[in-house]
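Notes to accompany the following structure.
The values are calculated or read from the model by the stated rules, or taken from the named source; none is laboratory data. Since the structure is predicted, the reported quantities are computational estimates derived from the model, not experimental observations. Note that we place each Cβ from the backbone using ideal geometry, even for glycine, and neighbour counts take in every protein chain shown. For accessibility, only protein heavy atoms count, side chains too; no ligands or nucleic acids. Shrake-Rupley method; radii C 1.70, N 1.55, O 1.52, S 1.80 Å.
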Amino acid sequence: MTGYIVRFIKLNFGLFLYGLGIIVTMRANVGYAPWEVLHSGISQTLGVSIGLVNTAVGALIVAIVFMLGEKIGLGTIFNMFMIGLFMDLILYLDFIPLFDNFWIGSLVLILGLFIISLGTYFYISSAFGAGPRDSLMVAVTRKTGLPVGLCRGILEVSVVFIGWLLGGMVGLGTVISAFAIGFCVQITFKLVKFDPTQVKHETFGVMFHNLRNLKKHD
C-alpha cells in the first residue's frame, strides 16, 4: 500500500508540474503550444476558464478513446481533472509575470517546456495510465495504421487550426513548442535516466485486482 501512496504522490506532483509548465509557456507570450491554442480559443469563445476547457476537452477525448477500445487508468482520469485545476489555481495566484520581450519570452517558453517534460517524467513513472491526449494519439495510430509521428502531427495541426479559428494565440512559440517539446522530453528523460518504454501502466482492472490481493495478504 505504501508503494501506491508514493506513486499517487508522484502522479499528482507530475500533473502539478505539467500545469505549471503550460502556464509558463503561455505567459512567455510568444504563441501558445498547439493544444493550448485550442483550449484558449474555446475559453475565449465560451467565456470560461482555460482550466475548465482543458478538463472538458480531456473528458471528451477520454470518452472517444474508450469507445475506440483504448484502456484507461487512474492517471488518465487524474490527468483529465487535475491539470486544468492546477492551471486555474496558478492563474488565480498570478505569480508568473507576462513577458513582453520576444527573446526573453522564447527562453521562458523553453523553460516551460522543460517543466512540462519533468512533470511528464513524474506522471509517467507513476505507471497509472496514459493521459487523454496521449491515448488519442495511440488510438488514431492503431486505427489508421499510420506512423505515430504523423498521427501526432495531424492531431496537433488540427487543434491549432481549430483554435486559431476560435481566436487562440498562434505565434512563433507555437511552432517552437511543436518541434522542441520532443527534444526537451528526451533531454529530461536522459538526465534522470528514465526509459518510458519500461513502464507497465496499470489500467483500472489491474489496479483493483492488485488492491484486492493486498487486502487478502493483510
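What part of the accessible area of the chain, given as a whole %, is carbon or sulfur when the probe is 1.4 angstrom?
Here it works out to 71 percent.
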Q) Taking Cα atoms, how many degrees apart are the long axis of helix 148-165 and the longest axis of the chain, rounded to 10 and kept between 0 and 90? A) 50 degrees
Q.
Let's see if you can work this out: charge +1 on each Lys and Arg Cβ, -1 on each Asp and Glu Cβ, no other charges. What is the dipole magnitude of region 52-199 about its Cα centre, in debye to the nearest 20?
A. 480 debye
(Q) Whole angstrom only: what separates the Cα centroid of region 64-118 from the Cα centroid of region 176-192? (A) 15 Å
Q. At each listed q (0.14 Å⁻¹), what is the log10 of I(q)/I(0) that the Debye formula gives for region 1-96 modelled as equal alpha-carbon point scatterers?
A. -0.56
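Given a Förster distance of 45 Å, report the FRET efficiency between Thr45 and Lys193 from their Cβ-Cβ distance, rounded to the nearest 0.05.
With a Förster radius of 45 Å, E is 0.55.
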**Q.** Size-normalised alpha-carbon gyration radius of region 113-161, reference 2.2 N^0.38 Å
**A.** 1.28
Q. If contacts are Cα pairs under 8 angstrom and at least 6 residues apart, what is the relative contact order of the chain in percent?
A. 37 percent
**Q.** Listed residues Ile64, Ile22, Ile50, most fluctuating in the chain (Gaussian network, C-alpha, under 10 Å)
**A.** Ile64
Q. Going by the alpha-carbon gyration tensor, a ≥ b ≥ c the square roots of its eigenvalues, is region 39-82 rounded (a/c under 1.5) or, if a/c is not under 1.5, prolate (a/b greater than b/c) versus oblate?
A. oblate
Q | Degrees between helix 102-125 axis and first principal axis of the chain (Cα, 0 to 90, nearest 10) | A | 10 degrees
**Q.** Segment Ala59-Ile154, length gained on full extension (0.36 nm per residue, minus Cα span)
**A.** 32.2 nm
(Q) Helix-only mean residue ellipticity at 222 nm, the chain, DSSP H runs n ≥ 4 weighted -39,500 (n - 2.57), per residue, nearest 500. What is it? (A) -26000 deg cm²/dmol
